[in-house]
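Novice: Pasting a structure here, questions to come.
FYI, it's all coordinate maths here, none of it is from the lab. This structure is a prediction, so every number in the text was calculated from the model and none was measured. Positions of Cβ are generated from backbone atoms using ideal geometry, with glycine treated the same way; all protein chains shown enter the neighbour counts.
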Amino acid sequence: MNQHAAIRFTLNGQPREIAAPPMQRLLDVLRQTCELTGTKNGCGEGDCGACTVLIDGVPVVSCLVPIVQVEGADVRTVESLAEGDQPHPLQAAFLKHGGTQCGSCAAGLLMTACAHLEHGGETDDATLRAALAGVVCRCAGYQQVIASVQAAARGGETLDGNHL
Ligand code: FES
Ligand code: FES
């Protein structure tokens with residue numbers, strides 16, 4: 001019996017067809033099959049947010065998503081943010097304002113913040129803390145993260161489509 005299914009979806013703007021067991025975790029398909037290791041495996045249980053990617057623009061913990069669920073969906077990982085050598089404004093702001101230290105949480109924070117800003121979310125401290133609450137950071141402290149997102153948002157003159 002063939003236990004693999006052909007799953008078609010868009011990954012970082014490119015159409016992909018992946019043969020995988022339908023219940024394989026999206027996280028593992030991304031990291032192992034697609035070799036996109038920017039998305040991190042933290043708790044593996046949906047609690048830490050390190051594995052967050054965007055599915056149809058919504059932050060989702062990829063460790064809890066079977067690959068079959070992304071059939072036809074638009075999946076974006078942290079690798080979609082930079083353009084060549086040019087970091088995304090959020091990435092630049094995280095670097096400049098100390099929004100990341102060990103980096104375990106960075107992809108999850110970046111993708112969650114990206115979705116929040118692309119959807120026109122408010123950038124006051126309380127709103128950002130609530131928006132980013134699903135991603136646990138043990139190192140940097142949230143104030144630097146908030147400051148980073150606010151700095152990126154202030155540079156919003158380049159806001160167009162996928163970019164802030
Ligand atoms: S690894 Fe997915 S939520 Fe922690
Ligand atoms: S920078 Fe280490 S967990 Fe956030």
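Novice: Let me have the relative contact order for the chain, percent, based on Cα pairs under 8 Å that are six or more residues apart.
Specialist: On the way: 294 pairs, mean separation 36.6, N = 164.
Normalised by residue count, the contact order of the chain is 22 percent.
Novice: For the chain, compute Rh as the Kirkwood radius over C-alpha pairs and then the Stokes-Einstein diffusion coefficient at 25 °C and 0.890 mPa s; write the answer in µm²/s, rounded to an integer. Numbers along the way, then the final one.
Specialist: On the way: Rh = 16.0 Å.
Taking Rh from Cα pairs, D becomes 154 µm²/s.
Novice: What list of ³J(HN,Hα) values in whole Hz, one per residue of region 90-105 in order, does the Karplus curve 6.51 cos²θ - 1.76 cosθ + 1.60 (θ = phi - 60°) give from phi, with Gly and Pro shown as x?
Specialist: For region 90-105, the Karplus-derived couplings read 5, 5, 4, 5, 4, 5, 5, 9, x, x, 9, 10, 6, x, 4, 8 Hz, x marking Gly and Pro.
Novice: To continue, here is another question. Please turn the phi angles of region 31-45 into ³J(HN,Hα) values with the Karplus equation 6.51 cos²θ - 1.76 cosθ + 1.60 (θ = phi - 60°), one per residue in order, whole Hz, x for glycine and proline.
Specialist: Karplus values, whole Hz, x for Gly and Pro: 6, 9, 6, 8, 6, 9, 8, x, 6, 9, 9, x, 6, x, 10.
Novice: Starting at the first residue of region 111-117, write each ³J(HN,Hα) from the Karplus equation 6.51 cos²θ - 1.76 cosθ + 1.60 with θ = phi - 60°, in whole Hz, x for Gly and Pro.
Specialist: Taking θ as phi minus 60°, the curve returns 5, 5, 5, 4, 4, 4, 6 Hz for region 111-117.
Novice: Name the residues whose placed amide hydrogens come within less than 5 Å of the amide hydrogen of Ala5, ignoring near sequence neighbours (fewer than 5 apart) on the same chain.
Specialist: Sorted by chain and number, the residues that satisfy this are Ala20.
Novice: Rg over Rh of region 89-157, using C-alpha atoms and the Kirkwood radius, what does it come to?
Specialist: That ratio equals 0.91.
Novice: Which of the peptides 119-128, 46-55 is most tightly packed, and how do the rest follow, going by the mean number of other Cβ atoms within 10 Å of each residue? Don't jump to the answer; show the numbers that get you there.
Specialist: Working: 119-128: 13.5, 46-55: 22.9.
By packing density, highest mean first, the sequence is 46-55, 119-128.
Novice: So what is the 222 nm mean residue ellipticity for the chain from helices alone, if each DSSP H run of at least 4 adds -39500 (n - 2.57) and you divide by all residues, rounding to the nearest 500 deg cm²/dmol? Provide the component values of the computation, followed by the final result.
Specialist: On the way: 4 runs with 42 residues, N = 164.
Taking each H run of at least 4 residues, the total per residue is -7500 deg cm²/dmol.
Novice: I need the calculated FRET efficiency for the pair Arg138 and Ala5, taking r as the beta carbon distance and R₀ as 41 Å, to the nearest 0.05. Walk me through the numbers on the way to the answer.
Specialist: Working: r = 37 Å, r/R0 = 0.90.
Working from the Cβ atoms, E equals 0.65.
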